[in-house]
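The values are calculated or read from the model by the stated rules, or taken from the named source; none is laboratory data. Computed from a prediction, not measured in an experiment: that's the story for all the values here. Note that each Cβ is placed from the backbone with ideal geometry, even for glycine, and that neighbours are counted across all protein chains shown.
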C-alpha cells in the first residue's frame, strides 16, 4: 500500500507526522509513504515552502520521498486548480508515472477536503480511501461545502488534535465519518524536534536567550484578517495595537509580535509607534518558524491573539496563560453566517478570557469549558448548516431558550428568524404575503379550490 500525505504548512506536516508516529497509519514496513507539499499562499514564489523551513529535516525520515505539488501542476496555483472530471483518469496516470507509483493501491491523507488541493487529489485518485486530518479549530465546526457521495463514502475518518479536551469535531459528521484524536505526546515530541533548529534561527535574530532577564515575556499573534475581508487593514492595525496595550496592562514591558507571513510591513511600523508611546520594548519576528517554536524557546508568560489556533496550542500543550482581543468585533462583522471561521472564533471567545478587561495570569479551564462549549458549538453549527444537521434542531432550540440571553453575540436574529428558532422575530402576515414562494403556492391552489 502506498500512502500519500498532503500538507500545505509546517504545522500540518507536524500534525500528520505525529499521527504516523502514534501508529494511526499502520506499521512502516507495510507501507511506502510519500509526502507531497503544496504552497497555497497568494504568491508562492516569494514565500518559503514547508520542505525548506527550519526543522523539516526532522520530519523527513518518516517518508520515503517528498514531492512538490506546485511544481507538478505548474503553472496552475494549487488553491485554484482541479482537474476536469473527464481528465481525472489521465492525471492519475501522470501522477503514477511521475512519482513511480506503478499500479500499487493508494490511500490519501489530506487536509481540508472541501477545498483544493485536497479536493483535486481526491478526484484524481477516485478509487482510493481518504483520511482527513484537521490541524486547527475549524474541525470543531460543520463541513463548509457539500461533499459528493462518491467522495464522502471514501472518507475513513477525521484525525484531529485535541485542542479543547473533550470537545468533539462536527467536521464531516453528517456523513457518518468518525473522528479520532491524535495523542498529545507524539505531537509535542514533533514540535520539540522542529523547534531545535528553529531555536537557532531565533537566536540568530538577536532574541535574548530564554533565561535572559530582558527576554520578551509576552507574545502577540497576528493573523492578517483583512486578507479574509473580515476587517479592514486599519482595523487590523488597531487590533494589534490593542493586543500590545493589553500586554502592557498585564505588566509586560518586553513583547514579541509574530505577524502573519503575508502581513505588510506597515503593521509592524504602527505597532512600534504604539510601543514607544506605552514605553514597551517590542520585537517584530519576521522569521519562517512556527509560533509553537517561539513558545518553546522563549517560554513566555502570556500569549495574546484574536482567534488563532496557536492560542489553544499555547494553553493546551505548553501551559501558557492566553488571552483574546477583538473577538467581539469579529463576531459582529463575520459574514456570511456560514463562514467557516465562525466556530474557531466562537470557541476562542467562549473559552478564553478577554485580555482587555484585566490582567491574564492563569490558564483557562479548558476541560471544564468543553462541557459548556459542546452545546454552544453544536447550536452555532446547526445555525450555520441546518440542512446538514437536522437532528440538532431540538437540542439547538432548547439551548437557545435557556441560554440565548447570556450569549447573544454568537447568533444573528435574522438567521434565527429564518430557521424559526427562539430569539428570532415573529413572522408577520404581510411579509408572508410578499414572499415569492408563498405567492406561488397560493396561486397553485386557488384554481383547485374554485
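Considering 324, 333, which residue is out of contact with any strand residue (DSSP E or B) (no Cβ under 9 Å at 6 or more places or on another chain) and closer than 21 Å to residue 246 by Cβ?
Of 324, 333, the one residue that is out of contact with any strand residue (DSSP E or B) (no Cβ under 9 Å at 6 or more places or on another chain) and closer than 21 Å to residue 246 by Cβ is 333.
Hey, can you tell me all the residues within the stretch 333-346 that are in a helix (DSSP H, G or I) and modelled with pLDDT under 95?
333
So the check is Cβ under 7 Å with 6+ separation or different chains; which pairs have a first residue in the stretch 158-170 that's closer than 16 Å to residue 389 by Cβ and a second one that's in a loop (DSSP other than H, G, I, E, B)?
Correct list of pairs: 158/169; 158/171; 158/172; 158/177; 170/141; 170/142.
Show the residue pairs that are 6+ apart or on different chains and have beta-carbon atoms under 7 Å apart, the first residue being within the stretch 423-450 and surrounded by 10 or more Cβ atoms within 10 Å (Cβ to Cβ), the second being modelled with pLDDT under 70.
Sorted first by the residue in the stretch 423-450, then by its partner, the pairs are 438/432.
Just for strands (runs of 3 or more DSSP E) wholly inside the stretch 7-115: which have at least 3 residues that are modelled with pLDDT of 90 or more and under 25 Å from residue 147 (Cα atoms)?
Details: elements: 32-37, 65-68, 106-110.
Strands (runs of 3 or more DSSP E) meeting the threshold: 32-37, 106-110.
Tell me which strands (runs of 3 or more DSSP E) are completely within the stretch 227-322 and hold 2 or more residues being crowded, with 23+ Cβ neighbours inside 10 Å, or say none if there are none.
Here the list reads 254-258, 302-305.
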